[in-house]
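The values are calculated or read from the model by the stated rules, or taken from the named source; none is laboratory data. Predicted, not measured: the structure shown is a model, and the values here were computed from it. All Cβ positions, glycine included, derive from the backbone under ideal geometry; neighbour counts span all protein chains shown.
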Amino acid sequence: MKTKYCRESKSVHTSRVFPNDFNDHNTLFGGKLMSDVDMIASIAATRHSRAECVTASTDSVDFLHPINPADSVCYEAFVTHTGTSSMEVFVKIIKENLMTGERILAATAFLTFVALDENKKPMVVPQVVPETREEKKLFETADERAKRRKERRELSKTIANFFTTKKPWE
């Protein structure tokens, strides 16, 4: 089976935060951050699989510190674990105060992507090989996250059975 190192999927993007990106608390909109997380994670998944990828789930986004007007935001994403056709992607979000240079971990996120072949069917992806201490920790703890992800998905399916698709006024 083909393998790839985590670093081969690594994607990095740094951006400045502008006034239209802020909420009424003068911090970065969570939705803006989540959109950027999905974008950078999709690049990492595509680099790993070299195929079209779709977001299967946003497993978690943990906001640790607010991002302020004086900050830039650096997104680092890479594939941490793989299944047959799925890939777990970790995104580390670091804020940097552009005036002082202080860097703080602002948020973390885990997403799952599925690689698709030319017929839009799930395809086999290379297994991932961690090298750094950070990559190895994420790889070693991936099975537990996958277990929780599967349980949450089953619960979501069960709950979905109670929802209707009727129009609200019916």
In segment 1-31, residues that are of a type outside the set (S, T, N, Q), part of a helix (DSSP H, G or I) and buried (at least 17 other Cβ atoms within 10 Å of the Cβ) total 2
Of all the residues that make up segment 125-170, how many are within 17 Å of C6 (Cα to Cα) and assigned to a loop (DSSP other than H, G, I, E, B)? 6
Residue satisfying all of: in segment 153-164; surrounded by fewer than 12 Cβ atoms within 10 Å (Cβ to Cβ) and charged (D, E, K, R); modelled with the highest pLDDT among these: E154
Consider R145 carefully, then state whether it is of a type in the set (K, R), modelled with pLDDT under 95 and surrounded by 10 or more Cβ atoms within 10 Å (Cβ to Cβ). no
Kindly list the number of the only condition in (1) over 18 Å from the mean Cα position of the chain (by Cα); (2) in contact (Cβ under 8 Å) with a residue 24 or more places away in the chain; (3) not in a strand (DSSP E or B) that fails for E118. (2)
Could you grab me the full set of residues in segment 53-81 that are surrounded by 15 or more Cβ atoms within 10 Å (Cβ to Cβ), acidic (D, E) and at pLDDT 95 or above? D71, E76
Any residue that is farther than 12 Å from L111 by Cβ and among the hydroxyl-bearing types (S, T, Y) - is there at least one of those in segment 59-72? yes
Name the single residue that is farthest from A45 (Cα to Cα) among those in segment 78-99 being among the β-branched types (V, I, T) and touching a residue at least 24 places away in the same chain (Cβ under 8 Å). I93
Applying the selection to segment 59-82, what residues are within 16 Å of A142 (Cβ to Cβ) and not hydrophobic (A, V, I, L, M, F, W, C)? D59, S60, T80, H81, T82
The condition of being acidic (D, E), in contact with a strand residue (DSSP E or B) (Cβ under 7 Å, 6 or more places away or on another chain) and in a helix (DSSP H, G or I) holds, among D59, D38, only for D38
Yes or no: K10 of a type outside the set (D, E), at pLDDT 95 or above and in contact with a strand residue (DSSP E or B) (Cβ under 8 Å, 6 or more places away or on another chain)? yes
Quickly run through segment 65-103 and pick out the residues that are of a type outside the set (D, E), assigned to a strand (DSSP E or B) and more than 20 Å from K10 (Cα to Cα). N97
So R50 fits all but one of (1) surrounded by fewer than 18 Cβ atoms within 10 Å (Cβ to Cβ); (2) within 24 Å of P130 (Cβ to Cβ); (3) touching a residue at least 12 places away in the same chain (Cβ under 8 Å); what number is the exception? (3)
From R103, R50, grab the single residue that is out of contact with any Leu (no Cβ under 8 Å at 6 or more places or on another chain) and at positive phi. R50
